[in-house]
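Just so you know, all these numbers are worked out from the coordinates, no wet-lab data involved. Not measured: the values here are computed from a predicted model. Cβ: placed from backbone, ideal geometry, glycine included. Neighbour counts: every protein chain shown.
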């Protein structure tokens, strides 16, 4: 595989995607906005899970027949703060937003152009794209540590990750991929490696980092978690994450430095004041009180110890200005999204001993090129080519095919599932397949195994002990209720609504909630507009914690019960 041509193809494809994004802006409908602040600005806060808004540079809004421009103030904890040009009252029931979501793509393009100039010096690009040629094993003699729950294929992956310069981990749903990645990272940290852990969403990063923390508790309980950092915004609420959020770590350190700066500044100002007073008394030939002279002398000695007035002022200035890039560079483990690595200037020219990528099969080749360029010794690519692929919207056939190809298929050249397994079977040194699932009932898992995994996916003992259940899958035929599709009012694209299905979802949730907690029930719909319709309806009926999303919302996650509505 020609690496230079691959990078050129990535640049060309990203350029086509940027054009498509500009022609087809992203859009969303936000509801129940609350006026939070009103002075010269009119800031409303909305709940949203749409990560695209985070990078929106210009947002056009349609509200109560008015078209206007709003500005994003902040985005965190599942909420977005938007500044409106006028006061729309204490609440905004609904607002339609539209924006060009090309910021991340433009940053990726910049990094790819930089990579094109230096690709020959980046060895791990070769390892990523041509692992059969460039695979290396480091015989350091390090013995990995695992817990008693790891099975043979998981333990093998941990051992290979620590020894290899590259490893592809193929983990079907429920096989413990993310938990095993936690032990991979923990073992790399035990060996003193600096690690970058990345995934495609904030939630996936949080879940992965929590697994790292739990693995460290098992194998290295004395590890200082302040050597790790969660860069960016956490999606999960957990005290352990809060304590290692980069912005919190910076704030705590800066607050401590500010206290030191205030102390030094007070001493310096007092010295200057006393010295001026003494100078004035000397000019007026007045006798200087002994107490005043002694106090000034003591402060002067302190100033001298700091190197003099200029040096002391410089030190105060440094204390008040923390070098965030230096703070990030000092961390032994950094966990963040791939988008953050591309968009934050703090990552510019930073590299790591090991880069571990979770949900890599959803990331797309351009992202993986840039992540591989951050790695010096170890590169772990974990995902499942049988699950959701990367998404592209360009209509250029060649660019779209390139962007929507997952890294496993791209590197292996596979055209079928059989080809992928043949690639794995022929390359056991740098590939692993997790063959045992612990999530699904065995009857469901059996179908998935035969359809997607060549019959190789087994069920764990505890799953087999649970047995099968004739009600594992239930189909609801809505035809007898006369369902019909409506176009939601105010929509500028196809936003279907089905009142009959909405009622059936409500009834299903009502029955299921007698046995299952609301937060263990998930509702999957095929359209983003339907997410808000269903979510708002369920909340009105008292089911606030039932999660509603598209299939991408639930990628890499699990619920006790899933309701899938076709809407159509």
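Observations on the structure shown:
- Distance between the 7 Å Cα→Cβ label points at residue 86 and residue 404: 4.3 nm.
- Of interest is the spacing of the C-alpha centroids, which for the stretch 319-393 and the stretch 11-43 amounts to 24 Å.
- Estimated FRET transfer efficiency (residue 73, residue 285; beta-carbon r; R0 45 Å; 0.05): 0.15
- Alpha-carbon centroid distance for the pair the stretch 176-240 / the stretch 93-137, whole angstrom: 23 Å
- In terms of packing, defined here as the mean over residues of other Cβ atoms within 10 angstrom, the peptides 403-416, 84-97 line up highest first as 403-416, 84-97.
- Taking 0.36 nm per residue of sequence separation and removing the Cα-Cα distance, the residue 310/residue 225 pair yields an extension gain of 26.8 nm.
- Label point 7 Å beyond Cα of residue 292 along Cβ direction - residues of the stretch 244-282 with amide nitrogen under 17 Å: 270-282
- Between residue 269 and residue 448, the modelled labels are 6.3 nm apart [label points 7 Å from Cα along Cα→Cβ].
- The order of the peptides 207-214, 65-72, 454-461 by mean Cβ neighbours within 10 Å, most packed first, is 207-214, 454-461, 65-72.
- Stretched out straight at 0.36 nm per residue, the stretch from residue 499 to residue 462 would grow longer than its current Cα-Cα span by 9.3 nm.
- Förster radius 45 Å - calculated FRET efficiency between residue 476 and residue 24 (Cβ-Cβ, nearest 0.05): 0.85
- Take the Cβ atoms of residue 277 and residue 40, set R0 to 51 Å, and the FRET efficiency comes out at 0.70.
- If a spin label sat at a point 7 angstrom from the Cα of residue 545 along the line to its beta carbon, the backbone N atoms of the stretch 211-251 nearer than 14 Å would be those of 237.
- Counted residue by residue at 0.36 nm each, then reduced by the alpha carbon distance between them, the extension gain from residue 515 to residue 564 reaches 15.8 nm.
- Simple label model, 7 Å out from Cα along Cβ direction - residue 257 to residue 439, nm: 4.2 nm
- When the helices of the chain are scored as -39500 (n - 2.57) per DSSP H run of n ≥ 4 and the total is divided over every residue, the value at 222 nm lands at -14000 deg cm²/dmol.
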